[in-house]
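K.L.:
First, the structure itself, so that you have it in front of you.
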Amino acid sequence: MFYTSESETDGMNGTIADGVRLALAGAALMGAAPEAASAAELQGSFPIVELRQYTLHDGKRDALIDLFEREFVESQEALGMKVIGTFTDIDRPNRFVWLRGFRDMDSRLAGLSAFYGGPVWQAFRSEANATMVDSDNVLLLHAPDHAAEFALPATRPALGEPAPSGLVVATIYYLKDDPGGALPTFENQVKPALEKAGVHPLAWFVPESAANNFPRLPVREGEKILVWLAAFADVADHAAHSDAIEAAAKPLATSFARPPEVLRLKPTSRSLIRGLPAADGVRDFDFLHGRWRVHHRLLKARGAGSSEWVEYQGTADTRPLLGGLCNVEEHRISGRNSGVALRCYDRSARRWAIYWVGDGDGLLGPPVYGGFQGAEGLFEGDDTYEGKPIKVRFLWRKLSPSSAQWEQSFSFDAGNSWETNWIMDFKRSK
């Protein structure tokens, strides 16, 4: 929560340096922090972390982020706190999420008292509070040991730099009992399984046991949770790892009080915590070039709860176009309509679009979009089936140099559940 004091002051414009000087001047009057924290002092250990989720008025998120990055980063860090990460929530357009770190609970009290009682907040609090519907969704956490803390870069991007690519995902496990019992299982079983699957936790936390020592900023009390964060290249990268993440968590599944909460977060331009750089996926489908024998399995009735499958044999020929930027794949299916898949790679968006046209109607269907993470590719899009809107998902698996598998699934309920209705098993022709 951004605390609103009882006395109003007029807003003002100021540079970052002005904000730091104002913060220090206010702190000096309070006897809290007579000198700015040095660059060295702002590195190292910040084991106490607030995970803060703000719900904002419609259309106000960008305004708050602009104000926050201009006025509230250096001014807080000058008082010994650390602005670890700032994010938009891609699933909630009116949500701003950020992480603030502290050396310990005593320095938390000193820093928050100096900032919210100081001139920077007094100057800009009305502007900030005008963007907010709710700012009390706050988890006060601590890292159980040094290895669980964020490893932060030494420098922060300058004001006005473009927002980075990549995605940060925070996963919150809600537990039946005190997280102290689940923590060894996470560290000794879940985390190694995640890392084996290519998901590397950036940090993990449990609730801070000490009472909130700055009650003017409420926090969620009595939570039994374990929180971990990881970086991904994009939404498709995270989705490609979703099954592995769920499988890794199985040793803790009996401890869950309810399903995990997943926050998919896009870092803002000045966030220290960032996602992984996007890989250039233009070579993703090179493995498929050439001729294949294909075994088709199709669900006899779609969206009807059917479990009856029909099978066909066929061939597929895939060849690159435009130096591999696109490729075309022609299917010939014995006893059934054949078709062509056209795939094109968007260099700016770093994703593939896949189109299908069948020889029945000759119409080019709506695309699915996505890419590969390792040996698996995930592609999703919107379409209609028998006049009803559906979501479509393609899943590719590179099994070996001479084998691959493709699956098509439909969702008739906006992505809440999926029905696989077509599976192709590819074997390279000799």
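The values are calculated or read from the model by the stated rules, or taken from the named source; none is laboratory data. Note that the coordinates shown come from a computational prediction; the quantities given were computed from them, not determined experimentally. Glycine gets a Cβ as well: all are built from the backbone with ideal geometry, and neighbour counts include every protein chain shown.
K.L.:
Restricting attention to strands (runs of 3 or more DSSP E) lying wholly within the range 271-352, give those where 2 or more residues are over 22 Å from Gly381 (Cα atoms).
P.N.:
Hits in the range 271-352: 290-299, 309-321, 326-333.
K.L.:
Further question: Only one residue in Gly374, Gly370, Gly365 is in contact with a Phe, Trp or Tyr (Cβ under 9 Å, 6 or more places away or on another chain) and either in contact (Cβ under 8 Å) with a residue 40 or more places away in the chain or of a type in the set (D, E, K, R) (or both), so which one is that?
P.N.:
On inspection, the qualifying residue turns out to be Gly370.
K.L.:
Let me ask something else about it. Pick from Phe150, Phe124, Phe115: which is crowded, with 18+ Cβ neighbours inside 10 Å and in contact with a strand residue (DSSP E or B) (Cβ under 8 Å, 6 or more places away or on another chain)?
P.N.:
Only one candidate passes the filter, namely Phe150.
K.L.:
Could I ask something else about it? Any idea which of (1) surrounded by fewer than 22 Cβ atoms within 10 Å (Cβ to Cβ); (2) within 23 Å of His200 (Cβ to Cβ); (3) among the hydrophobic types (A, V, I, L, M, F, W, C) is the one Val133 doesn't satisfy?
P.N.:
For Val133, the exception is condition (2).
K.L.:
Within the set of pairs 6+ apart or on separate chains, which have a first residue in the range 192-221 that is farther than 17 Å from Phe46 by Cα and assigned by TED's automatic domain parsing to the domain that holds Arg108, a second that is assigned to a loop (DSSP other than H, G, I, E, B) and among the small types (Gly, Ala, Ser), and C-beta atoms under 7 Å apart?
P.N.:
If the second residue must be assigned to a loop (DSSP other than H, G, I, E, B) and among the small types (Gly, Ala, Ser), the pairs left are Gly198/Gly374.
K.L.:
Would you check which residues across the range 246-279 are surrounded by fewer than 16 Cβ atoms within 10 Å (Cβ to Cβ) and either touching a helix residue (DSSP H, G or I) at 6+ places or on another chain (Cβ under 7 Å) or of a type in the set (A, V, I, L, M) (or both) and list them?
P.N.:
Ala247, Pro251, Ala253, Ala257, Val262, Ala279
K.L.:
On to the next question. Between residues in the range 287-305 that are assigned by TED's automatic domain parsing to the domain that holds Leu399 and residues that are at pLDDT 95 or above and among the basic types (Lys, Arg), which pairs lie under 7 Å by C-beta distance while being six or more apart or on different chains?
P.N.:
Hits for this filter: Trp292/Lys427; Arg293/Lys427.
K.L.:
For the range 111-124, check the following and say yes or no: at least one residue is in a loop (DSSP other than H, G, I, E, B) and either farther than 26 Å from Glu221 by Cα or among the aromatic types (Phe, Trp, Tyr) (or both).
P.N.:
Scanning the range 111-124 turns up at least one residue that is in a loop (DSSP other than H, G, I, E, B) and either farther than 26 Å from Glu221 by Cα or among the aromatic types (Phe, Trp, Tyr) (or both).
K.L.:
Look through the range 165-216, keep the residues that are β-branched (Val, Ile, Thr) and at pLDDT 95 or above, and return whichever of them is farthest from Gly85 (Cα to Cα).
P.N.:
Among residues in the range 165-216 that are β-branched (Val, Ile, Thr) and at pLDDT 95 or above, the one farthest from Gly85 (Cα to Cα) is Thr185.
K.L.:
Next question. Exactly one of (1) farther than 28 Å from Asp104 by Cβ; (2) part of a helix (DSSP H, G or I) is unmet by Phe186. Its number?
P.N.:
Looking at each condition in turn, Phe186 falls short on (1).
K.L.:
Anything in the range 222-243 that is among the aromatic types (Phe, Trp, Tyr) and modelled with pLDDT of 95 or more? List them, or say none.
P.N.:
Once the filter is applied, which keeps residues that are among the aromatic types (Phe, Trp, Tyr) and modelled with pLDDT of 95 or more, the range 222-243 yields only Trp228.
K.L.:
Suppose we filter the range 306-318 for residues that are surrounded by 19 or more Cβ atoms within 10 Å (Cβ to Cβ) and either in contact (Cβ under 8 Å) with a residue 60 or more places away in the chain or over 35 Å from the mean Cα position of the chain (by Cα) (or both); how many remain?
P.N.:
Within the range 306-318, residues that are surrounded by 19 or more Cβ atoms within 10 Å (Cβ to Cβ) and either in contact (Cβ under 8 Å) with a residue 60 or more places away in the chain or over 35 Å from the mean Cα position of the chain (by Cα) (or both) number 1.
K.L.:
Consider only pairs whose beta carbons are under 6 Å apart and that are at least six residues apart or on different chains; among these, list those whose first residue lies in the range 398-421 and is among the basic types (Lys, Arg) and whose second residue is surrounded by 13 or more Cβ atoms within 10 Å (Cβ to Cβ).
P.N.:
Taking only residues 6 or more apart or on different chains, the pairs are Lys398/Phe287; Lys398/Ala375; Lys398/Ala404.
K.L.:
Restrict the check to the range 68-82 and report whether at least one residue is more than 18 Å from Ser126 (Cα to Cα), in the same structural domain as Leu167 (by TED's automatic domain parsing) and either modelled with pLDDT under 95 or assigned to a helix (DSSP H, G or I) (or both).
P.N.:
Yes, there is a match, as at least one residue in the range 68-82 is more than 18 Å from Ser126 (Cα to Cα), in the same structural domain as Leu167 (by TED's automatic domain parsing) and either modelled with pLDDT under 95 or assigned to a helix (DSSP H, G or I) (or both).
K.L.:
Every residue in the range 361-384 that is of a type in the set (A, V, I, L, M) and either closer than 11 Å to Asp284 by Cβ or surrounded by fewer than 17 Cβ atoms within 10 Å (Cβ to Cβ) (or both), please.
P.N.:
Leu363, Leu364, Ala375, listed by residue number.
K.L.:
What number of residues in the range 189-212 are surrounded by fewer than 19 Cβ atoms within 10 Å (Cβ to Cβ) and assigned to a loop (DSSP other than H, G, I, E, B)?
P.N.:
Within the range 189-212, residues that are surrounded by fewer than 19 Cβ atoms within 10 Å (Cβ to Cβ) and assigned to a loop (DSSP other than H, G, I, E, B) number 7.
K.L.:
Let me ask something else. For the range 337-351, which positions are modelled with pLDDT of 95 or more and either over 16 Å from Trp422 (Cβ atoms) or under 23 Å from the mean Cα position of the chain (by Cα) (or both)?
P.N.:
Leu342, Arg343, Cys344
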